Amino acid sequence: MKNIYKILKSNWPLFTAQSIYLLLLGPFIGILPYLDGGIDLVQINDFYTGGFAQLFSNWGSVHPPLKVILGSISFSVLGVNTLAYTLIGLVFGLLGLTGMWFLVKKLYNRKVAGISVLLLSTSPLFLANGLFAMTD
């Protein structure tokens, strides 16, 4: 229990930024994807149902397949639905905040890292990309 308290105390800006990110993005989890998000959802569904053969036969432009592979795994675990799709972006956003925290803390200091993750967690572009794990 002491170790958990120590981790929380020493990394409180990170956990605050992650909480803000979850509060801002949370109401939109499971929302129906729109425009590029909808296209990516259909591509993931094509890969999930028919593998690379179906993905490449239906789409002329395919980005590197990491997102469709992760989306397919998410569909396998949670079923084919918008919740499974939007959770990918939520997880990547939390990982991005964590990576930013440790990188900036190592390169500069704890104060700069705290400001960085707090600003990133409220950035509209970061939130928009986190909603559907956009390829951008």
**Asked** How high is the relative contact order of the chain, given as a whole-number percent (alpha carbon pairs under 8 Å, six or more residues apart)?
**Response** 34 percent
**Prompt:** Roughly how tilted is helix 82-107, in degrees to the nearest 10 and between 0 and 90, from the longest Cα axis of the chain?
**Reply:** 40 degrees
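Do any chymotrypsin sites (Phe, Trp or Tyr not before Pro) in the range 1-109 lie in a loop, going by DSSP, with at most 15 other beta-carbon atoms within 10 Å of their beta carbon, and if so which? All intermediate terms of the calculation are to be shown ahead of the outcome.
Working: sites: TYR5, PHE15, TYR21, PHE28, TYR34, PHE47, TYR48, PHE52, PHE56, TRP59, PHE75, TYR85, PHE92, TRP101, PHE102, TYR108; in loops: TYR34, TRP59, TYR108.
Here the sparse-neighbourhood loop sites are TYR34, TRP59, TYR108.
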**Prompt:** Looking at the chain, how many pairs of lysines come closer than 28 Å at the Cα, when each pair is eight or more places apart or spans two chains?
**Reply:** 9
**Prompt:** Where the convex hull is taken over the Cα atoms of the chain, what is its projected area averaged over directions, in nm²?
**Reply:** 9.5 nm²
**Request:** Skip the ligands, DNA and RNA, and give the accessible area per residue of the chain with a 1.4 Å probe, whole Å².
**Result:** 61 Å²
**Computed E for PHE15/LEU66 - FRET, C-beta separation, R0 35 angstrom, nearest 0.05** = 0.80
**Item:** Cβ-derived FRET efficiency at R0 35 Å, GLN54 paired with LEU22, nearest 0.05
**Value:** 0.55
**Message:** Using helices alone, I'd like the mean residue ellipticity at 222 nm for the chain: each DSSP H run of four-plus residues gives -39500 (n - 2.57), total over residue count, nearest 500.
**Reply:** -25500 deg cm²/dmol
**Using alpha-carbon coordinates, inclination of helix 12-25 to the longest axis of the chain, degrees** = 40 degrees
**Asked** Which angle from 0 to 90°, rounded to the nearest 10, does the C-alpha axis of helix 66-78 make with the longest principal axis of the chain?
**Response** 90 degrees
**Message:** Give me the percent of accessible area attributable to carbon and sulfur for the chain, probe 1.4 angstrom.
**Reply:** 71 percent
**Request:** Among GLY60, GLY96, GLY71, determine the one that fluctuates most according to a GNM of the chain built with springs between C-alpha atoms less than 10 Å apart.
**Result:** GLY60
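For LYS6 and PHE102, calculate 0.36 nm times their separation in residues minus their Cα-Cα distance, and state this gained length in nm to one decimal.
That pair, LYS6 and PHE102, stretches by 32.9 nm at full extension.
The values are calculated or read from the model by the stated rules, or taken from the named source; none is laboratory data. Quantities reported herein were computed from a predicted structural model and do not represent experimental measurements. Please note: Cβ atoms are built from the backbone with ideal geometry, for glycine as well, and neighbour counts cover all protein chains shown. The area values use the complete protein model at the heavy-atom level, side chains included, leaving out ligands, DNA and RNA. Shrake-Rupley method; radii C 1.70, N 1.55, O 1.52, S 1.80 Å.
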